[in-house]
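Below: the structure, in structure tokens.
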Amino acid sequence: MTLVPFDDAVERLLRDVSPVDGIEAIAIEDACGRVLPADLDARRTQPAFDASAMDGYAVRAADLTGPSPVLRVVGESAAGHAFSGSLSTGEAVRIFTGAPVPDGADAVVIQENTDRPAESEVRILERVEPGANIRRAGNDFRLSDVLAPAASRLTPAACALAASGGYGTIEVRRRVRVAIAATGDELVPPGTPAGPSQTVASNTLAISMIVHVIGGSVIDLGIIPDRRDDLASAIERAQNARADILVTVGGASVGDHDLVGPVLTEAGATLDFWRVAMRPGKPLMAGSLGPMRILGLPGNPASSLVTAELFLRPLIEKLSGAAPVRRRRRGILGLDVKANDKRTDFLRAHIQIDPAGSPCRVVPLPRQDSSLLSVFARADVLLVRPAFAPAAVAGEPCEYVMLTTG
């Protein structure tokens, strides 16, 4: 069976993917990580008034003539409690950071540059120009300014900005629904003692967490035995739950017990490709069943998680309508690497940041067997070695892919 080149497989997977239908209004405190379907326009101006940037005295700059002029203090302006009058010649208002600047005032003298010869007077020890220490209305944003563009994923800061811009609820795209099934008679749930021929279903745990981190919603189909009727039932459950993606883990190869491909085909699925020229992760399958996308991931831990990072994550991001995230970056090799064969290699690696600002060094971890979850857990990145890449030595340029973190 011909192997599909890695870049071709990614392009084919994402070629005709459009964002999911469905917009929902949610509370702003629940919006972090969600994707905007349209530009988010400010509903108010911030600050809504000229505000003091410092504690001090609001004055008319024109009154500050001669050495150490003394002004009459006629009131106070604090945050939430504005001075209600207007400044006249020779007057000042005690003012605090964030408080509205009174009408008639055009500058603020900081507290350190004043003294109080009397309770109702303030002496100005350093002259200021008009506009000094004032944050003008709209200095942060104005009514109808775009606070966040369409397709952006809301961060904590963006949510705070939206709240400041007048939003208590916000419209976002619905979450991408991802049904996940672990397949294999040998699997037991986490926390369950594993027998002599059994192993813990840890891959689907990590994949579920990747889905949650990037804003998807998990439909847990559980552990599916290596029986055609159980697999068919799991596929039907994913369809009934209106999953956007069905992810199977294990059973994607061509052995006697690898039933995922045949059962999917019997259910009416179309498989676009099966087996990719990559290491780890060769027995990867992708296709569709009606509107539901299908990814069949390998069962070996590193293979499963590498393919989840490189195929499932971008598929979820595109279905969610999120702007593409640049996860493929440039660095320099931290160790020598040998020449590559016809498959693209993704070596589990960690990065060393150069405090002098040079590109980070990418250091492959010493063991790369696809069964080693402990090695993957130590990795920060995947070092990319293109097909047929020649041997390279430490210090040469390289590419790497950032891994999902919580």
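Ordered from longest to shortest, the equivalent ellipsoid semi-axes for the range 328-402 are 19, 16, 10 Å, each the square root of 5 times a Cα gyration tensor eigenvalue. Restricting to the chain, compute how many DSSP beta bridges are antiparallel as a %, nearest 5. Expressed as a percentage, antiparallel bridges in the chain total about 65.
Highest GNM mean-square fluctuation among 376, 83, 311, for the chain modelled with Cα contacts below 10 Å: 83.
Ranking 37, 57, 374 by Cα position along the charge dipole of the chain, where only Lys, Arg, Asp and Glu carry charges on their C-beta atoms, puts 374 farthest toward the positive end.
Projecting the Cα atoms of 221, 353, 334 onto the dipole axis of the chain, where Lys and Arg carry +1 and Asp and Glu carry -1 at the beta carbon, places 334 farthest toward the positive end.
Per the Kirkwood formula applied to alpha carbons, the range 51-135 shows a radius of gyration over Rh ratio, Rg over Rh, of 0.91. Simple point charges give the picture: +1 on the Cβ of Lys and Arg, -1 on the Cβ of Asp and Glu, and for the chain a dipole about the Cα centre of about 840 debye. Specify the inter-centroid distance of the range 354-391 and the range 35-84, based on alpha-carbon positions, in whole Å. Centre-to-centre (Cα) distance: 54 Å. Projected onto their three principal axes, the Cα atoms of the chain cover extents of 96, 52, 42 Å, largest first. Placing a label point 7 Å from the Cα of residue 354 along the Cα-to-Cβ direction, the residues of the range 366-406 whose backbone N falls under 16 Å of that point are 393-400. Of the chain, which part is the longest with no GluC sites (Glu not before Pro) in a loop (DSSP not H, G, I, E, B) and with at most 15 other C-beta atoms within 10 angstrom? The answer is 127-406. According to the calculation over all Cα-Cα pairs in the range 43-201, the P(r) per 5 Å bin from zero is 2, 8, 14, 14, 10, 7, 6, 6, 6, 4, 4, 3, 3, 3, 3, 3, 2, 1, 0 %. Taken about its Cα centre, the range 51-135 carries a charge dipole of about 40 debye when Lys and Arg each add +1 at the Cβ and Asp and Glu each add -1 at the Cβ. The Rg/Rh ratio of the range 312-355, with both radii computed over alpha carbons and Rh defined as the Kirkwood radius, is 1.07. Once the C-beta distance of residue 270 and residue 227 is scaled by a Förster radius of 25 Å, the resulting FRET efficiency is 0.60 to the nearest 0.05. Placing +1 on each Lys and Arg Cβ and -1 on each Asp and Glu Cβ, with no other charges, gives the range 328-402 a dipole about its Cα centre of roughly 160 debye. Residue 282: which aspartates and glutamates have alpha carbons under 20 Å from its alpha carbon, excluding same-chain residues fewer than 8 sequence positions away? Straight-line reach from residue 282, under 20 Å: 7, 8, 11, 256, 258, 272, 309, 341, 345, 369.
Taking a label point 7 Å from the Cα of residue 81 along the Cα→Cβ vector, which residues of the range 99-127 have an amide N closer than 17 Å to it? Of the residues in the range 99-127, 99-102 have backbone N under 17 Å from the label point off residue 81.
Residue order for 350, 81, fewest other beta carbons within 10 angstrom first, comes to 81, 350. Using just its DSSP H runs of length 4 or more, each adding -39500 (n - 2.57), the chain gives a mean residue ellipticity at 222 nm of -4500 deg cm²/dmol after division by all residues.
Restricting the range 8-110 to trypsin sites (Lys or Arg not before Pro) that sit in a DSSP loop and have at most 13 other Cβ atoms within 10 Å of their own Cβ leaves 15, 43. Since only 101, 384, 170 are under comparison, the one whose Cα sits farthest along the positive direction of the charge dipole of the chain, derived from C-beta charges on Lys, Arg, Asp and Glu, is 384.
FRET efficiency for the pair residue 213 and residue 26, taken as 1/(1 + (r/R0)^6) with r the Cβ-Cβ distance and R0 = 22 Å, rounds to 0.75.
All of the numbers you see were taken from the coordinates with simple rules; none came from a lab. All of these numbers come straight from a predicted model, not from anything done at the bench. Backbone-built Cβ (ideal geometry, glycine too); neighbour counts: all protein chains shown.
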